[in-house]
Structure formats: C-alpha cells, structure tokens
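Before any comments, here is the structure.
A short reminder: the numbers here are calculations on the coordinates, not readings from a lab. Since the model is a prediction, treat every value here as computed from it, not as a measurement. Cβ sites come from the backbone with ideal geometry, for glycine too, and all protein chains shown count toward neighbours.
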C-alpha cells in the first residue's frame, strides 16, 4: 500500500526563470508541479533561452488555480485558459500570461521512472 504526501512549499526540485518559478514534488507514480507565472512571463522569452528549443516540448496535464494565460500551438491552434480550467497541451507550443495577475497552475506528470 502507498500512502505518502509532500508539500509544494518544500519541493524536491525548484526551477526559477525570469517572471516565474516551478516547484516539483515526486510521489510514487507521479510528479506534481506548481507553476507561478508573473505578469510579463512568456515561454518563448523566459524559458526558451534556457532549454534551447523553438517551442515548449512539454506535455502538460494541468489545472489553472488563478490568473489567465494564452497558449498558441505550433500549428496555429490557440487556447485561452483561466481559473478552474483543466487542460491538456501537447508538445510544440508557446504560452504567456494575459493581464496583470499572476497565473498559478498545477501540473500532473507521470513519475520520471515510468
């Protein structure tokens, strides 16, 4: 039986970049992340220089806690997301905060060993 809890305020890993940060905890079978994107955050300007790809290659299964952001897929498909929106966004996209409110999302990922 598995019964384990971790707090995102004491993450296993923290990733910081201009206009935001991500806190990650690893649990049996899943990694949970809380992303905090401040106004002005945009993947293509704040993260792209760090990872070196033309667009985000992450696969996101997420929930928006607060704030708003916009996603544009490499094929031109676009999506506006806000509080309460559960969403899946596949590899090949850019995203940015809309408005002057910080956007907080929770990401759900399979464990690294899976």
Quick check: is even one residue across the range 89-102 farther than 22 Å from residue 18 by Cβ, without any contact (Cβ under 8 Å) to a residue 60 or more places away in the chain and not in a loop (DSSP other than H, G, I, E, B)? no
In the range 45-54, what count of residues is obtained for those that are surrounded by fewer than 17 Cβ atoms within 10 Å (Cβ to Cβ) and in contact (Cβ under 8 Å) with a residue 24 or more places away in the chain? 2
Would you confirm whether or not the range 72-83 contains a residue that is in a strand (DSSP E or B) and touching a helix residue (DSSP H, G or I) at 6+ places or on another chain (Cβ under 7 Å)? no
Across the range 1-44, what is the number of residues that are farther than 23 Å from residue 83 by Cβ and not in a strand (DSSP E or B)? 12
Looking at (1) touching a strand residue (DSSP E or B) at 6+ places or on another chain (Cβ under 6 Å); (2) over 18 Å from residue 33 (Cβ atoms), which is the only condition residue 84 fails? (1)
Conditions (1) within 15 Å of residue 95 (Cβ to Cβ); (2) under 14 Å from the mean Cα position of the chain (by Cα); (3) surrounded by fewer than 17 Cβ atoms within 10 Å (Cβ to Cβ); (4) in contact (Cβ under 8 Å) with a residue 40 or more places away in the chain: number failed by residue 65: (1)
The range 45-56, residues that are more than 20 Å from residue 109 (Cβ to Cβ) and assigned to a loop (DSSP other than H, G, I, E, B): 52, 54
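Quick test for you: out of 42, 15, 72, pick the one residue that is within 12 Å of the chain's Cα centre (by Cα), free of Cβ contacts under 8 Å to residues at least 60 places away in the same chain and surrounded by 15 or more Cβ atoms within 10 Å (Cβ to Cβ).
None of the other options fit; the residue is 42.
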